[in-house]
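Here, each number is a calculation from the coordinates, and none is a lab measurement. This one's a predicted model, so the numbers in the text were calculated from it and none came from an experiment. Backbone-built Cβ (ideal geometry, glycine too); neighbour counts: all protein chains shown.
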Amino acid sequence: MINANDSVNNHFKVHRSASLLDVLIEFDKFLDDLNVYSYENWLDGEVVDGPHLSRYWCELSLMYPYEKMPDPSGGERLLGKKCKVYYKEDYYLEPREVKTPDDYEVGTRKPKADKIPIWVVKIKLPKKYVLTYDRTEADEEELAKGFQQGLDDETRQSGNAEATDI
């Protein structure tokens, strides 16, 4: 079962990390480039878990309303790129709107949760499709050190710093 708090915490985790947000954007771009969103209901998914990066894989779970199961043909497109796609029926625990004292859990001020049936689509994507090389701050620092040491000068690059009259 997917809890509303877990989903919100995942969103905060992704938005606090620029690198996870970049991975999520690349994941979305990959799905878009394969035209997965052209299949019925694939566009209606909500990220509930991930992205999780391992050595070779990037894993993401998307949640869909039960009535709007994504077309499995979209998942088949991903299989052609060596992705793994898993479909699972599950429940989303949505906090109930409080109208009466009976809408609270016993002994707390927390609202009761209603079970809403959903589909969860877990996609494992080869990491090579979501990682792109960008110049990072570390790269910029290395370039700055090189310029400070005079490595931009052609004579220093060749190792002939003393022989400038050649």
I'd like the FRET efficiency for Tyr87 and Arg109, computed as 1/(1 + (r/R0)^6) with the beta carbon distance as r and R0 of 30 Å, rounded to 0.05.
0.20
About its Cα centre, what dipole magnitude does region 1-134 give when the only charges are +1 on Lys and Arg Cβ and -1 on Asp and Glu Cβ, stated in debye to the nearest 20?
600 debye
What Rg and what Dmax come out for region 73-115 when only alpha-carbon atoms are used, in angstroms?
19.1, 53
Provide the per-residue ³J(HN,Hα) series for region 14-20, in order, calculated from phi with Karplus coefficients 6.51, -1.76, 1.60 and θ = phi - 60°, each as a whole number of Hz, with x at glycine and proline positions.
5, 6, 7, 10, 5, 5, 5
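Rounded to two decimals, what is the ratio between the C-alpha radius of gyration of region 2-134 and 2.2 N^0.38 Å?
Working: Rg = 17.0 Å, N = 133, 2.2 N^0.38 = 14.1 Å.
Here the Cα radius of gyration is 1.20 times the empirical estimate.
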